[in-house]
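The values are calculated or read from the model by the stated rules, or taken from the named source; none is laboratory data. Computed from a predicted model, the values in this text were never measured in an experiment. Cβ atoms come from the backbone with ideal geometry, glycine included; neighbour counts cover every protein chain shown.
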Amino acid sequence: MEPVLHLVGRLLIGLLFLAGAVQKAVDPGAAQELLLMRGLPAALIWPALVYNAAAAVALAFGWKTRPVALSLAVYCMVTSVFHLIPSDPWQMSIFVKNWAIAGGLLVLASAPVAGRRES
């Protein structure tokens, strides 16, 4: 049962990042605004989109799960800063979710699962 749960967990987390990539592609303006508010170039949205999509695919296929999950955990922690807007409840919800997702990714990175493809 563990391998199935591991696969489903990877797929669900991967879907979150794939949806983020699609959202950035379809409507980059909102994310670009958050970047600009922090004094960063709006063009950073494009490498973030590529990273989100590539990491989602890697999780789905179980490729380098541990390093991908660790890098995504750090990504969630760093990008949570963009959502630290105490006056905006929606952004604060995303801030907290980013930390929760980072926690789940750390668990995924540490999970010993038989048959894990770590090529």
> Is it fair to say residue 7 is in contact (Cβ under 8 Å) with a residue 40 or more places away in the chain and either over 19 Å from residue 104 (Cβ atoms) or among the aliphatic types (A, V, I, L, M) (or both)?
Replying inline: yes
>> I need the full set of residues from the range 26-41 which are without any contact (Cβ under 8 Å) to a residue 12 or more places away in the chain and surrounded by 14 or more Cβ atoms within 10 Å (Cβ to Cβ), in order please.
In response: none
> Pick from 78, 68, 57: which is among the β-branched types (Val, Ile, Thr) and exposed (fewer than 13 other Cβ atoms within 10 Å of the Cβ)?
Replying inline: 78
>> Given the criterion under 22 Å from residue 103 (Cβ atoms), modelled with pLDDT of 95 or more and among the small types (Gly, Ala, Ser), identify the matching residue among 69, 25, 43.
In response: 69
